[in-house]
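Let me begin by presenting the structure, written as structure tokens, before commenting on it.
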């Protein structure tokens, strides 16, 4: 009897302890739930408006940092909260699989690209996966409608703040001017400055948010709330109108957008590449490589022919080019689900549905940006939460609860009950560990930004040391290597100008040149399809002609590689022709000047250089033909008017022809002279200094068929 009573007391105590433990777990779980909702709200409000003047890209880099750190905190709270609660759940909505597919494809594309994965993961390669994780957590963790409403109002808050900034900035640049005066920054005071990142980014945010506020104002019955929403809508509408006026093509504040025909052609050419590139694209942050490699020759007739675009004409073209056919298929899958659910009329707020549709339309209309992508994911998240709370039949929640069994006085957990919390804790710790490389990369960006400031102050030593420090922190970014190579070359050139070079100076020059070449080659290895990397190598080698042995061959080899990455660029052909002209090889110079003219038949500079070569060959008639063609292409009121007129008249006089009036010219340049030899003779560089490909190992692509260059003929 006594034993039974003791056992009864034990059972009662155990029950009471179990209840206390459950209550404690519930309280702790609510704390983690509060962390999730609070951090999410902060992200929704701050992401569109957040920027810091501490990195080379003051907008996107800092927005991605904020999003990554916030999502890691949310993920950790979610995982630990489930461990404490002993209840694991994952909500699957119609949007889940296509969103996860988009994220996975961006990650895979980052690692299959020829460019270093770090470059992709510092941009879109990380943006999509982080947003996908945030989507999964919020759709699984949020169980109250009020949370969704707060997040929606968070978007509205960001839209209102940016609208006020747009108005005050648009009428006088007051916002950035005030920030500069208070914090000592050097932000642009132009009317198109926006914390969103650009005028276009602001427009792509305010359009869906304005849709939300107008829709809510029409639905709400409370008079005060309705009036406030209409007032907010009026503010955003005014800011939107002003921004659209500033963005009209032709204005200095307008965004430069790649023509749709060109963007479409580049996308199609991507699908014609080798299988891996056709399926996974050039890489999330490598659109500029696709643009350089595959843009049609007709683009050279465009006013922006000398601009390298880092984004397509719209988000769809960018996505398809950077992540290939698989990326486009995932996007079409997601859009198909959205359209199908809009047509079907599923449960959920019409406001959120309409705003989501607007963001999809904007992706078809304009180039994507981090703010537009963020808003799209948040609206999809809110839609998915509404479907979940409405217990829509298309939503499934996978639930796992830790079970315990009693054996005597021992409470034993099942195998699943042991494994689940261990995995969750490992994932949580792993998420927190990610903060280290993120902080390292961000620190490198801050240091590199300081080096840019040092360059403005003409402090070469400071620039050199800061760039070296940035490379130490993040050695896998080609832009750092390019800049460091140029800095080494600039310091070497500065030392070489000294009248009396000591042996120490000469050794220092050799070391700086070797370092410039080494980092230039590292940049090429990190991103071999990036033309800018090869251009830096050509600059280095070209500056070494008459200074270092074999520099002539290396220069030509580097130009060959640069042209292979940008085959229809007439400027590269003109520059290579200039090298041959400086080396006293006129026939080769003519060959490349003619190719430049074929690639861009309305470029006066190509014909002007042809005229220069023929004058050097004493072929005055051919020179006159090309110079006449050059003058015919020049525009009025140009700085080169007098120069072009004098040269043309001198040629005509030498041929006993009547002097003709010259049309005002555009910018005309002739090949630059080669560097002067060092007083002590050429320096010897190791074989490793040579580019990866020698002239005989790679051929220069033949220009595509275009407008033929005129054959020199007698002028009547």
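The values are calculated or read from the model by the stated rules, or taken from the named source; none is laboratory data. Because the structure is predicted, anything quoted here is derived from the model rather than measured. Note: ideal-geometry Cβ built from the backbone for every residue, glycine included; neighbour counts use all protein chains shown.
Conditions (1) more than 28 Å from residue 445 (Cβ to Cβ); (2) buried (at least 22 other Cβ atoms within 10 Å of the Cβ); (3) in the same structural domain as residue 355 (by TED's automatic domain parsing), marked per residue:
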position: 113; (1), (2), (3): no, yes, yes
position: 119; (1), (2), (3): no, yes, yes
position: 122; (1), (2), (3): no, yes, yes
position: 131; (1), (2), (3): no, yes, yes
position: 137; (1), (2), (3): no, no, yes
position: 150; (1), (2), (3): yes, no, no
position: 154; (1), (2), (3): no, no, no
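In the list 465, 488, 549, 493, which residue meets the criterion of being out of contact with any strand residue (DSSP E or B) (no Cβ under 9 Å at 6 or more places or on another chain), surrounded by fewer than 18 Cβ atoms within 10 Å (Cβ to Cβ), farther than 24 Å from residue 438 by Cα and not assigned by TED's automatic domain parsing to the domain that holds residue 119? Outline the logic, then answer.
On the way: 465 fails: farther than 24 Å from residue 438 by Cα; 488 fails: surrounded by fewer than 18 Cβ atoms within 10 Å (Cβ to Cβ); 549 fails: out of contact with any strand residue (DSSP E or B) (no Cβ under 9 Å at 6 or more places or on another chain).
Testing whether each residue is out of contact with any strand residue (DSSP E or B) (no Cβ under 9 Å at 6 or more places or on another chain), surrounded by fewer than 18 Cβ atoms within 10 Å (Cβ to Cβ), farther than 24 Å from residue 438 by Cα and not assigned by TED's automatic domain parsing to the domain that holds residue 119 leaves just 493.
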Matching residues in the range 633-656 - criterion: being at pLDDT 80 or above and within 44 Å of the chain's Cα centre (by Cα): 633, 634
Which numbered condition residue 256 fails, given (1) crowded, with 23+ Cβ neighbours inside 10 Å; (2) under 30 Å from residue 117 (Cα atoms): (1)
Residue match in the range 45-58 (condition: part of a helix (DSSP H, G or I), under 19 Å from residue 435 (Cα atoms) and at pLDDT 95 or above): no
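Hey, any hits in the range 235-250 for a residue that's at positive phi and at pLDDT 95 or above? Step through it out loud before you land on a result.
First, the residues of the range 235-250 that are at positive phi: 250.
Checking the rest, the ones that are also at pLDDT 95 or above come to none.
No: the range 235-250 contains no residue that is at positive phi and at pLDDT 95 or above.
Yes/no matrix, rows are residues, columns are (1) over 22 Å from residue 135 (Cα atoms); (2) touching a residue at least 40 places away in the same chain (Cβ under 8 Å):
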| residue | (1), (2) |
| --- | --- |
| 293 | yes, yes |
| 306 | yes, yes |
| 311 | yes, yes |
| 319 | no, yes |
| 322 | yes, yes |
| 327 | no, yes |
| 330 | no, yes |
| 338 | no, yes |
| 342 | no, no |
Subset tally (residues that are surrounded by fewer than 19 Cβ atoms within 10 Å (Cβ to Cβ) and over 16 Å from residue 109 (Cα atoms)) for the range 298-344: 19
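May I ask you to verify whether residue 484 is part of a helix (DSSP H, G or I) and under 23 Å from the mean Cα position of the chain (by Cα)?
Numbers: part of a helix (DSSP H, G or I): yes; under 23 Å from the mean Cα position of the chain (by Cα): yes.
Yes; evaluated as a whole, the condition is true for this residue.
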Pairs where the first residue, in the range 587-603, is on the phi > 0 side of the Ramachandran plot and the second is modelled with pLDDT of 95 or more, C-beta under 7 Å, 6+ apart: none
Qualifying positions in the range 204-233 - more than 36 Å from the chain's Cα centre (by Cα) and without any contact (Cβ under 8 Å) to a residue 12 or more places away in the chain: 218, 220, 221, 222, 223, 224, 225, 226, 227, 228
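Would a scan of the range 64-71 turn up a residue that is more than 17 Å from the chain's Cα centre (by Cα) and either crowded, with 19+ Cβ neighbours inside 10 Å or outside any helix (DSSP H, G or I) (or both)? Walk me through how you get there before you give the answer.
Let us first name the residues in the range 64-71 that are more than 17 Å from the chain's Cα centre (by Cα), namely 69-71.
Subset that is either crowded, with 19+ Cβ neighbours inside 10 Å or outside any helix (DSSP H, G or I) (or both): 70-71.
Scanning the range 64-71 turns up at least one residue that is more than 17 Å from the chain's Cα centre (by Cα) and either crowded, with 19+ Cβ neighbours inside 10 Å or outside any helix (DSSP H, G or I) (or both).
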Qualifying residue in the range 340-348 (condition: within 21 Å of residue 216 (Cα to Cα), at pLDDT 90 or above and in a helix (DSSP H, G or I)): yes
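Which of the helices (runs of 4 or more DSSP H) contained wholly in the range 218-322 include at least 3 residues that are not assigned by TED's automatic domain parsing to the domain that holds residue 360? Walk me through how you get there before you give the answer.
Working: elements: 223-246, 260-271, 275-280, 287-294.
In the range 218-322, the matching helices (runs of 4 or more DSSP H) lie at 223-246.
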Residue within the range 609-632 that is under 30 Å from residue 541 (Cβ atoms), at pLDDT below 75 and not in a helix (DSSP H, G or I) present: no
Considering residues of the range 554-574 that are without any contact (Cβ under 8 Å) to a residue 60 or more places away in the chain and over 26 Å from the mean Cα position of the chain (by Cα) only, the residue surrounded by the most Cβ atoms within 10 Å (Cβ to Cβ): 555
